[in-house]
């Protein structure tokens, strides 16, 4: 089936053709005709199936006629995060080129005054997170009685984030005659109850979760030793060996590793940015814009921060960490090879990752090939453990060891590694956002962030048997514990000292 057979308006079809798409995805093919008939739709589909266009395109067609009044939006789209809300707004910009619809975005991290001005002009489409929408409503800036279409996107994620009471309240504020388009990746009992309460005779559309990557994606496993500095070195060599790389997303399991890998790649001259959940909205949007515009080549991201990103032309995906959940593997490498394009996905695997790799292979139903036919079994066994090199324990999957301050003095001063400083205490409290904003030299940032965590090392002196007066040259040796070696004079009275 083609988009031209779905019943979309001529203006919308022109915009779709301009993007290069001709055939709808399964969720689009099934949902769009029912949405155009103004029926309620219950769509069960994962991120990456094209579900955003399945409600954006029919909304553009339905809203062509009519005009919004001040503070009375004609349609409302609820998203769980600012990032997803901003991407939906981008979709309306992309597909609504020839239309004069006013789109207002109500999310945190942006000025209330600026958002109020957009509401006062009249919004044909209002895209919001639940909390910010209720803030405006309680301030008397919004009237919800004119909403004709309600879209609730990523409902199961709303549940995880505790937004369901807000969703229930918002649904009761909107006329019951509205059309509701409801999307969720899963259907737990709470979500089922919500649909039974607020949807009227919905059309249920279910798209199976993909259990394999697109055939256009070339997948390879890359054997590496388990220490972070060794993995970073392996990754750098791997990236440099890719002659056809245009841009790439590098996935880490933890935001701490996002920060440390960002610093390491930046020090080694790569064009790199970072994306994790703690960055403020403006910094994240600026980072995504730079990546989409090819101003940066590499984007280091966590799974949470990258969920729902719509970046159509990614040539490579690198898994710095093997994902703990096998489903995340398909989701990660699905960032490349989209819309029939070719792509490459590489996953760094150490001996400690075999459990997670086995789960991925079992889910896919086929073995994955090793790069250059070198598996982890063919790697030399490390001569020494982290404890023998100065007490540095492998960070494991929980990351507890990487936060310990003790016994790391010798490891920081060890030579022979070009990025050994990246394993210093400066990485324990990363501030990637500040680095991106200020574009400060990595060494300076690492030094300043390191000073913020000096106190926890205070116990290491006694633990190592050196006493308080000798801390082995640690960075915080000038910080006294208790009174240190200086006892106040009044405490010596009567002691005869």
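The values are calculated or read from the model by the stated rules, or taken from the named source; none is laboratory data. What you see is a predicted model; the values in this text were computed from it and never measured. All Cβ positions, glycine included, derive from the backbone under ideal geometry; neighbour counts span all protein chains shown.
How many residues does the stretch 329-359 hold that are part of a helix (DSSP H, G or I) and in contact with a strand residue (DSSP E or B) (Cβ under 8 Å, 6 or more places away or on another chain)?
Qualifying residue count for the region: 5.
Name, by its number, the condition in (1) surrounded by fewer than 19 Cβ atoms within 10 Å (Cβ to Cβ); (2) part of a loop (DSSP other than H, G, I, E, B); (3) touching a residue at least 24 places away in the same chain (Cβ under 8 Å) that does not hold for residue 218.
For residue 218, the failing item is (2).
Looking only at helices (runs of 4 or more DSSP H) that fall completely inside the stretch 1-91, which ones have 1 or more residues that are within 23 Å of residue 171 (Cβ to Cβ)?
Output list reads 26-36, 51-62.
Are any of the residues in the stretch 76-99 crowded, with 20+ Cβ neighbours inside 10 Å and more than 28 Å from the chain's Cα centre (by Cα)?
no
Step by step: first the residues of the stretch 137-147, then only those that are in a loop (DSSP other than H, G, I, E, B) and out of contact with any helix residue (DSSP H, G or I) (no Cβ under 9 Å at 6 or more places or on another chain), then the one that is surrounded by the most Cβ atoms within 10 Å (Cβ to Cβ). Which residue is that?
Restricting to residues being in a loop (DSSP other than H, G, I, E, B) and out of contact with any helix residue (DSSP H, G or I) (no Cβ under 9 Å at 6 or more places or on another chain), the top hit is 146.
Note down all Cβ pairs under 9 Å where the first residue falls in the stretch 190-205 and is farther than 21 Å from residue 54 by Cβ, the second is assigned to a helix (DSSP H, G or I) and at pLDDT 95 or above, and they're at least six residues apart or on different chains.
Taking only residues 6 or more apart or on different chains, the pairs are 197/168; 197/171.
Could we say that residue 243 is assigned by TED's automatic domain parsing to the domain that holds residue 370, without any contact (Cβ under 8 Å) to a residue 60 or more places away in the chain and either exposed (fewer than 15 other Cβ atoms within 10 Å of the Cβ) or not in a strand (DSSP E or B) (or both) here?
Answer is yes for this residue.
Would you mind finding the one in 61, 93 that is under 26 Å from residue 17 (Cβ atoms) and free of Cβ contacts under 8 Å to residues at least 40 places away in the same chain?
Only one candidate passes the filter, namely 93.
Report, by residue number, each residue of the stretch 198-215 that is modelled with pLDDT under 95, in contact with a helix residue (DSSP H, G or I) (Cβ under 8 Å, 6 or more places away or on another chain) and surrounded by fewer than 19 Cβ atoms within 10 Å (Cβ to Cβ).
Hits for the stretch 198-215 are 209, 210, 211, 212, 214.
Can you tell me which residue in the stretch 360-378 is nearest to residue 245 (Cα to Cα), limited to those that are in a helix (DSSP H, G or I) and at pLDDT below 90?
The qualifying residue nearest to residue 245 (Cα to Cα) is 372.
Hey, can you tell me all the residues within the stretch 133-170 that are more than 28 Å from the chain's Cα centre (by Cα) and closer than 25 Å to residue 49 by Cβ?
149
May I ask you to list the residues in the stretch 256-271 that are surrounded by fewer than 22 Cβ atoms within 10 Å (Cβ to Cβ) and under 27 Å from residue 84 (Cα atoms)?
256, 271
Here is a yes/no grid of residues against (1) part of a loop (DSSP other than H, G, I, E, B); (2) modelled with pLDDT of 90 or more:
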residue: 230; (1), (2): no, yes
residue: 266; (1), (2): no, yes
residue: 269; (1), (2): yes, yes
residue: 277; (1), (2): yes, no
residue: 283; (1), (2): no, no
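Working carefully through the options 150, 134, find the one that is closer than 30 Å to residue 34 by Cβ, in contact (Cβ under 8 Å) with a residue 60 or more places away in the chain and outside any loop (DSSP other than H, G, I, E, B).
Answer to the selection: 150.
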